[in-house]
Amino acid sequence: MKNSSTTATPHPLEDLVRMDRIPHIWCSGCGTGSVFTSCLTAIKQSGIPYNQFAMVSGIGCSGRGAGYINIDSFHTTHGRAIPFATGIKMARPDLKVIVFSGDGDLCAIGGNHLIHAARRNMDIIVICVNNLTYGMTGGQVAATTPFKAKSSTTTLGNPDTPFNLPLLAYAAGATYVARWTMLHARDLTDAVQTAIARKGFSFIEVLSPCPVNFGRRNREKSLDTLRKYHENTIVKNGAHPSELDVDFNKGVILGTFVNVDRPTCDEVYRKMYWPAEEPKEQRKTG
Amino acid sequence: MKSHVLTGEHFINGDEACAEGAIAAGCKFFGGYPITPATEVAEQISIRLPQVGGTFIQMEDEIAAMTSILGAAWTGVKSMTATSGPGFSLMMETVGLAVVTETPCVVVNVQRAGPSTGLPTQGAQADMMQARWGSHGDYEIIALAPSSPQEMFDLTITAFNLSETYRTPVFIMSDEIVGHMSEKVIIPEARKIKTVSRPRPTGRKDRFLPYKPGPNGVAPMPAIGDGYNVHVTGLTHDEKGYPVMSVETQKEMMARLLGKIRNNLDDIILTEEHRLEDADIVVVSYGVSARTAYTAVEEARQMGIKMGLLRLITVWPFPEEKIRSLAKRVKGFITVEINMGQICREVQRFAGLTPTYLAGHPGGAIIPPEDVLKIAKEALA
Ligand code: SF4
């Protein structure tokens with residue numbers, strides 16, 4: 001045992017993972033782990049000290065992300081990662097605050113917080129793992145489930161229209177909007193790195209397979225989903241957010257769609273409200 | 001350093017006094033959402049916080065307001081929100097997160113009559129049981145009930161001190177009448193105001209256990225960025241803060257959460273006694289109702305009725321030992337509260353065979369002292 005641990009090369013991200021919590025709960029074939037890896041890689045490559053980051057998750061399979069990263073990390077209530085992150089950011093604007101959670105958490109139960117954080121240009125990074133379903137509870141219909149797709153609560157097919165999440169984030173005022181799939185690991189890592197380096201509300205949607213609870217009901221094995229991610233996607237940076245419906249028959253558009261500068265919520269607040277002569281008391285930089 | 005405490009005599013309402021109390025206690029973050037009759041707390045503190053290097057943010061709803069103050073608390077600052085019944089209901093799930101993650105914060109509920117939208121501009125005290133049991137699961141909570149604008153100031157400081165000491169949310173259960181009533185409020189010099197801040201950990205960062213209780217049952221609390229790499233979760237967790245889905249861990253965690261309150265009752269429970277020494281009838285009351293109860297006691301004494309007042313400044317945890325010991329020597333208890341019998345039930349639980357009565361009202365008005373006297377006369381007849 002001692003021998004093998006001294007000879008084995010440690011995983012390059014080991015310093016960012018709570019190794020004492022491995023194995024993780026994600027199913028085999030799940031895409032969440034890949035998204036998580038891209039996110040951790042971006043944090044590492046940013047060169048920013050780890051104690052300058054905080055990660056916040058809500059509830060769900062991807063919501064477990066905060067439990068595995070070895071930085072100050074918060075696993076909150078269902079849908080509320082963004083307001084928790086808002087509290088952190090407004091009280092300590094020097095921190096890089098990353099929200100890592102799922103589509104159900106961020107865009108259904110937490111949808112109100114998403115649009116308002118975007119409107120305010122809250123300086124946080126939202127990584128939305130979109131698996132098109134509620135994975136943890138067994139695959140119920142979500143606000144992202146494609147029209148007619150099957151779920152445990154729409155056994156004859158989804159009668160509803162899903163959200164186009166980049167359009168939603170853009171319309172609400174997000175200043176950085178991108179979409180990738182977990183298969184596009186390099187692009188995704190770059191997107192997270194860009195978001196870390198910039199200021200403002202960054203929304204990154206990542207399509208990610210849930211073979212166990214979505215794929216199974218829709219005759220799609222993990223590899224089939226990956227093939228779709230590979231073959232039926234089109235990278236089109238700058239595409240208008242209204243073109244971004246998730247429809248693999250037409251081809252799903254990936255890329256960076258919005259990247260604009262606008263003063264952030266904390267910057268404007270301090271500029272307008274804090275007296276100019278006031279020393280910025282107790283704002284430590286860690 | 002210049003003090004930001006408004007030392008001196010002021011004529012302000014309870015809501016404003018509450019905001020000043022928060023400033024004096026060292027509050028640096030308020031996440032709010034407007035609601036009658038608590039809005040003035042937010043309005044006042046939105047002006048005051050930036051003056052002291054603090055931050056006010058009006059969130060998109062009460063769920064967000066409550067959640068934002070937890071995020072802020074983990075950066076090491078004292079944080080707060082204020083609301084009334086409907087908003088209090090929306091905050092309840094997050095209150096549970098604050099309890100289980102041992103996150104200090106102060107939540108003000110300026111109560112109005114319910115249920116539902118009820119009487120938005122008229123007072124009540126009918127959220128008292130919601131304050132105790134409103135979030136799911138078992139837990140202990142601290143709730144204070146101010147009777148005057150002066151106490152809105154004083155008890156807001158006490159609330160912050162208790163929340164920092166015990167790493168727990170503390171409720172200030174005010175009501176529309178106290179919130180909107182203007183009276184003289186004396187704000188002492190800053191150096192005479194006792195404030196408490198949560199202990200921060202020291203020592204080896206890699207071995208730190210964020211939920212391993214210290215001497216008073218509470219663990220020191222690191223802030224984000226201190227380098228302790230804490231994991232904070234609403235799942236059942238061990239002393240390291242890691243989720244463990246076992247019956248044993250649940251038992252240990254619950255013992256810790258309940259113990260830190262139950263083992264420190266003497267420090268947490270604040271009561272005031274008035275003419276209790278020789279009382280036959282004890283009036284139990286809190287908040288605005290304690291004022292009418294006080295008048296009732298004075299009038300009863302003039303009529304030769306030996307009435308005394310036990311005023312609950314801390315309503316939760318409930319002073320059950322006090323009721324038990326009084327029950328041994330008095331002829332009856334009358335609970336005076338603007339609801340249909342909430343704290344009255346608690347009195348009943350500990351009064352044994354001693355009769356208990358309610359001077360209650362469904363909300364929108366105070367309890368007239370005559371109601372209390374009438375019940376006392378019937379009880380003694
Ligand atoms: S249920 Fe689906 S999303 Fe959840 S871990 Fe399993 S595969 Fe991943």
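The values are calculated or read from the model by the stated rules, or taken from the named source; none is laboratory data. This one's a predicted model, so the numbers in the text were calculated from it and none came from an experiment. Note: ideal-geometry Cβ built from the backbone for every residue, glycine included; neighbour counts use all protein chains shown. Note: areas computed on protein heavy atoms with side chains; ligands, DNA, RNA excluded. Shrake-Rupley method; radii C 1.70, N 1.55, O 1.52, S 1.80 Å.
Couple of notes before you dig in:
- Ordering A:E220, B:E16, B:E93, B:E43 by accessible surface, largest first, gives B:E43, B:E93, B:E16, A:E220; the 1.4 Å probe counts only protein heavy atoms, with every chain in place.
- Accessible surface ranking that places the most exposed of A:D261, B:D127 first, with a 1.4 angstrom probe: A:D261, B:D127
- Taken over the Cα atoms of region B:159-294, the convex hull encloses 203 Å³ per residue.
- Heavy-atom accessible surface that A and B bury in contact, both chains counted, 1.4 Å, Å² to 100: 3600 Å²
- Estimated FRET transfer efficiency (B:K212, B:L265; beta-carbon r; R0 25 Å; 0.05): 0.65
- Using the alpha carbons alone, the radius of gyration of region A:96-219 stands to its Kirkwood radius in an Rg to Rh ratio of 0.99.
- Value of Rg to Rh for region A:13-152, rounded to two decimals, is 0.97; Kirkwood radius and Rg both from alpha-carbon coordinates.
- Solvent-accessible area per residue, Å², over the protein assembly as shown with all protein chains present [probe radius 1.4 Å]: 39 Å²
- Label-point separation, A:I22 to B:E248 (7 Å along Cα→Cβ), nm: 2.6 nm
- When the Cα atoms of region B:1-78 are aligned to their principal axes, the ranges along those axes come out at 36, 31, 15 Å in descending order.
- Eigenvalues of the alpha-carbon gyration tensor of the protein assembly as shown, scaled by 5 and square-rooted, set the equivalent ellipsoid semi-axes at 50, 25, 24 angstrom, largest first.
- Across region B:271-380, the relative contact order, built from alpha-carbon pairs under 8 Å that are at least six residues apart, equals 29 percent.
- Spin-label model, B:E272 to B:L6: label points 7 Å out along the Cα-to-beta-carbon direction sit 2.2 nm apart.
- Only helical runs count toward this figure. For chain B, summing -39,500 (n - 2.57) over DSSP H runs of n ≥ 4 and dividing by all residues gives -11500 deg cm²/dmol at 222 nm.
- Euclidean distance between Cα centres, region B:339-364 to region B:209-255, Å: 37 Å
- Debye log10 I(q)/I(0) for chain A, one point scatterer per Cα, at q = 0.09, 0.15, 0.16 Å⁻¹: -0.42, -1.11, -1.26
- Vicinal HN-Hα couplings computed from phi for region B:270-285 (Karplus, 6.51 cos²θ - 1.76 cosθ + 1.60; Hz; Gly/Pro x): 10, 9, 10, 10, 9, 6, 8, 3, 10, 6, 8, 10, 10, 8, 9, 7
- Taking 0.36 nm per residue of separation and subtracting the current Cα-Cα distance, fully stretching the chain between B:E378 and B:D138 would add 82.6 nm.
- Cα-derived Rg over Rh, computed across region B:8-192 with Rh taken as Kirkwood radius: 0.93
- Remark: for residue pairs A:K89/B:K78; B:K205/B:K240; B:K251/B:K322; A:K44/A:K228; B:K322/B:K377, the C-alpha separation exceeds 20 Å in B:K251/B:K322; A:K44/A:K228; B:K322/B:K377.
- Computed over protein heavy atoms with a 1.4 angstrom probe, the accessible surface ordering of B:M254, A:M122, largest first, is B:M254, A:M122.
- Principal-axis tilt of helix B:149-166 within chain B, Cα atoms, nearest 10 degrees: 50 degrees
- For region B:271-380, with all protein chains in place and a probe radius of 1.4 Å, 49% of the accessible heavy-atom surface sits on carbon or sulfur.
- Rg/Rg_ref, chain B, where Rg_ref = 2.2 N^0.38 Å and atoms are Cα: 0.99
- Residue by residue along A:270-276, Cβ atoms of other protein chains within 10 Å of the local Cβ number 3 on average.
- Against the compact-protein benchmark of 2.2 N^0.38 Å, the Cα-based radius of gyration of region A:138-286 scales to 1.32.
- As an equivalent ellipsoid, region B:251-381 spans semi-axes of 27, 16, 13 angstrom, where each value is the square root of five times an eigenvalue of the C-alpha gyration tensor, largest first.
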